[in-house]
Protein chains: 2
Amino acid sequence: MKIGEFARKLGVSTDTLRYYEKHGLLTPSSRSQSGYRIYTDTDIKQMSFILRAKNVGFSLSEIKELLQIKIHKDQHSCHEVKEMTLQKRDLVAQRIEELTRFYDSLSLLAKKCCGGEEPAENCSILTTLEDIDGLTH
Amino acid sequence: MKIGEFARKLGVSTDTLRYYEKHGLLTPSSRSQSGYRIYTDTDIKQMSFILRAKNVGFSLSEIKELLQIKIHKDQHSCHEVKEMTLQKRDLVAQRIEELTRFYDSLSLLAKKCCGGEEPAENCSILTTLEDIDGLTH
DNA sequence: CTTGACCTTAGGGTGTACTCCAAGGTTTAT
DNA sequence: ATAAACCTTGGAGTACACCCTAAGGTCAAG
Ligand SMILES: [Zn+2]
Ligand SMILES: [Zn+2]
Ligand SMILES: [Zn+2]
Ligand SMILES: [Zn+2]
């Protein structure tokens with residue numbers, strides 16, 4: 001499919017796709033005789049991967065590194081490729097851990113509030129926010 | 001403490017701190033007679049909160065919204081404040097879910113690789129990466 | 001065979017989040 | 001008292017990730 005249809009399917013702009021190509025994140029599978037970009041289902045999968053990674057806070061250069069796993073093919077051993085994958089996975093695990101602490105902070109915060117209709121001036125939620133780091137330890 | 005010491009403690013630049021103040025993320029507790037910014041332990045807690053949020057991929061404007069919980073004091077009821085906190089918490093939960101899918105993708109990928117010393121040319125990890133979305137469904 | 005919807009590249013503009021001066025005032029140490 | 005090490009504001013510059021426009025080529029429908 002051409003760039004317009006592909007962009008609509010993925011919910012991004014054609015400009016974004018050209019930008020990603022220029023920066024080595026997603027090169028369309030081929031070009032038509034007239035030079036049009038041709039995207040395939042494989043490209044949809046890779047683009048979905050990119051968008052999910054972006055959504056959880058990875059920068060484009062970090063995502064590019066994640067995709068490098070694919071590019072190292074013949075220059076590297078299975079061992080190296082596996083190591084790299086596990087290393088990236090650990091990075092994700094760290095983020096999950098931090099986010100979980102964050103989630104717990106907000107949960108505790110909510111728990112401390114009565115949720116009533118009175119003005120929140122003396123609400124413990126507000127006085128506790130300053131201690132949010134203390135809450136999680 | 002003054003801005004330099006505070007910056008060193010938190011591992012950021014003084015420029016960043018002035019930038020955050022200008023954009024409403026962290027206003028130092030007070031100023032000295034000569035106009036120097038004076039930061040306290042409370043400011044350390046708030047800044048740690050900001051940095052943790054940044055680390056897990058929140059933008060500064062999102063973080064500002066998170067901190068609004070504190071600012072709404074007398075204008076809002078306990079009910080509203082609690083709702084806001086829970087809503088922010090759900091946003092964090094969504095991110096955790098996405099990151100977890102991501103983690104599973106990379107785990108499955110690693111599992112498919114023998115990890116041996118031969119060139120990775122025929123490594124299933126590389127042929128599977130294109131199918132990474134399929135892996136998680 | 002022309003209209004309109006698509007596509008191409010090149011290059012400029014925007015918002016975010018810093019980062020780096022410049023010119024000057026303050027504080028501490030010798 | 002004067003240097004060194006802080007601090008102040010204002011404004012300019014940078015990197016990232018787009019976003020938009022211009023000028024033109026391609027292609028299916030009427
Ligand atoms: Zn309350
Ligand atoms: Zn209450
Ligand atoms: Zn392998
Ligand atoms: Zn192998």
Worksheet, complete the sentence: Residue pairs within 9 Å by beta carbon, gap of at least six or interchain, first lying in segment B:46-68 and on the phi > 0 side of the Ramachandran plot, second more than 16 Å from ligand 1 (Cβ to nearest atom) and modelled with pLDDT under 85, listed first then second, are B:GLY57/A:ASN55; B:GLY57/A:VAL56; B:GLY57/A:GLY57
Discussion item. Every residue in segment B:1-45 that is out of contact with any helix residue (DSSP H, G or I) (no Cβ under 8 Å at 6 or more places or on another chain), among the acidic types (Asp, Glu) and at pLDDT below 95, please.
Written reply: B:ASP41
Item to complete: Keeping to segment A:76-91, report how many residues are closer than 20 Å to B:PRO119 by Cβ and of a type in the set (Asp, Glu).
Response: 2
Practice prompt. Search segment B:1-25 for residues that are more than 14 Å from chain A (Cβ to nearest Cβ) and on the phi > 0 side of the Ramachandran plot and pair each with any residue that is of a type in the set (D, E, K, R) and more than 16 Å from ligand 3 (Cβ to nearest atom) when their beta-carbon atoms are under 7 Å apart and the residues are at least 6 apart or on different chains.
Written response: B:GLY24/B:LYS64
Item to complete: Considering only segment B:1-44, state which residues are open to solvent by less than 40 Å² (accessible area, probe 1.4 Å), aliphatic (A, V, I, L, M) and in contact with a Phe, Trp or Tyr (Cβ under 6 Å, 6 or more places away or on another chain).
Response: B:LEU26
Item to complete: Just name the residue that is most open to solvent (accessible area, probe 1.4 Å) out of those in segment B:86-123 that are more than 7 Å from chain A (Cβ to nearest Cβ) and farther than 27 Å from A:LEU109 by Cβ.
Response: B:LYS111
Worksheet item: When the residues of segment A:39-56 are filtered to those that are in contact with a Ser or Thr (Cβ under 7 Å, 6 or more places away or on another chain) and in a helix (DSSP H, G or I), which remaining residue is nearest to ligand 2 (Cβ to nearest atom)?
Response: A:ASP43
Worksheet item: Got a sec? Which of B:ARG18, B:ARG52, B:ARG31 is over 29 Å from A:GLU62 (Cβ atoms), of a type in the set (D, E, K, R) and more than 16 Å from ligand 1 (Cβ to nearest atom)?
Response: B:ARG31
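The values are calculated or read from the model by the stated rules, or taken from the named source; none is laboratory data. All values derive from a computational prediction rather than experimental measurement. Quick reminder, even Gly has a Cβ in these numbers, built from the backbone with ideal geometry, and neighbours come from all protein chains shown. Accessible surface is based on the protein model in full, side chains and every heavy atom, while ligands, DNA and RNA are left aside. Shrake-Rupley method; radii C 1.70, N 1.55, O 1.52, S 1.80 Å.
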